[in-house]
Amino acid sequence: MIERLRIGLGVDTHRMEHGRRCVLGGIEFACTTGPVGHSDGDAVLHAVCDAVLGAAGLDDLGSQFRDTDPRHAGRDSSEFCREVQHQLAARGASLMSLDIVVEAETPKIGPKRAAMREHIANLFGITTDRVNVRGKTAEGLDAIGRGEAIRATAVALLAV
Ligand code: MG
């Protein structure tokens, strides 16, 4: 059987603030700043969900889990991924791969890359080699370079 492949792109930017918990890709970082958000602010998982939903032709994360809904206040974004995975499974679609770039001045992504890959792979029931994560800095330029914001970009490949 020839699989039909679909590609999706997700991008998410969050403001970084002092005193916020810093959870990215479902992994906690020891950091003096963290992403501001209605949920836990995990820009990486938000970009991942949007990439997967985009590839599946489904409504984006913001429409499905509104940031005005008190049920999502402080919510663990891993739960959004599990819900997205249910939606995929219900359609007989499977995630083939995810490629993720995190643009941040702090925290440094490298030391927790492996843990992020493993956590995200587990959320979608795929092997770790199908999920890649890398960190980039913005060389001191713009809001990301000044450490005021963080941006995650994800590309998802689905077989449907
Ligand atoms: Mg977000």
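The values are calculated or read from the model by the stated rules, or taken from the named source; none is laboratory data. Everything numeric here is computed off the predicted structure, so don't read it as measured data. A quick note on method: Cβ atoms are made from the backbone with ideal geometry, for glycine too, and the neighbour counts reach across all protein chains shown. For accessibility, only protein heavy atoms count, side chains too; no ligands or nucleic acids. Shrake-Rupley method; radii C 1.70, N 1.55, O 1.52, S 1.80 Å.
Brief remarks on what is shown
- Near residue 8, once Lys and Arg are set to +1 and Asp and Glu to -1 for all other residues with Cβ below 15 Å from its Cβ, the sum equals -1.
- Once each of the trypsin sites (Lys or Arg not before Pro) sitting in a DSSP loop with at most 14 other beta-carbon atoms within 10 Å is removed, the chain keeps 22-65 as its longest stretch.
- A probe of 1.4 angstrom, applied to the heavy atoms of all protein chains, finds residue 95 with accessible area near 10 square angstrom.
- Within the accessible area of region 1-103 (1.4 Å probe), percent carbon and sulfur: 49
- Solvent-accessible area per residue, Å², over region 5-159 with all protein chains present [probe radius 1.4 Å]: 47
- Loop GluC sites (Glu not before Pro), region 68-140, which have at most 12 other Cβ atoms in a 10 Å radius of their Cβ (DSSP): 139
- Sum of side-chain charges, residue 23 neighbourhood, beta-carbon under 14 Å (Lys, Arg +1; Asp, Glu -1): -3
- Solvent exposure, largest accessible area first (probe 1.4 Å, DNA, RNA and ligands not counted), of 16, 96: 96, 16
- Across the chain: Cys residues that no other cysteine approaches within a C-beta distance under 4.7 Å: 49, 81
- With eigenvalues of the C-alpha gyration tensor scaled by 5 and rooted, region 5-159, Å: 24, 17, 13
- Residues with amide H under 5 Å from that of residue 97, placed H, sequence gap 5 or more: 157
- Accessible surface of residue 12 - all protein chains present, 1.4 Å probe, nearest 10 Å²: 30
- Positive minus negative residues near residue 158 (Lys, Arg vs Asp, Glu; Cβ under 10 Å): +2
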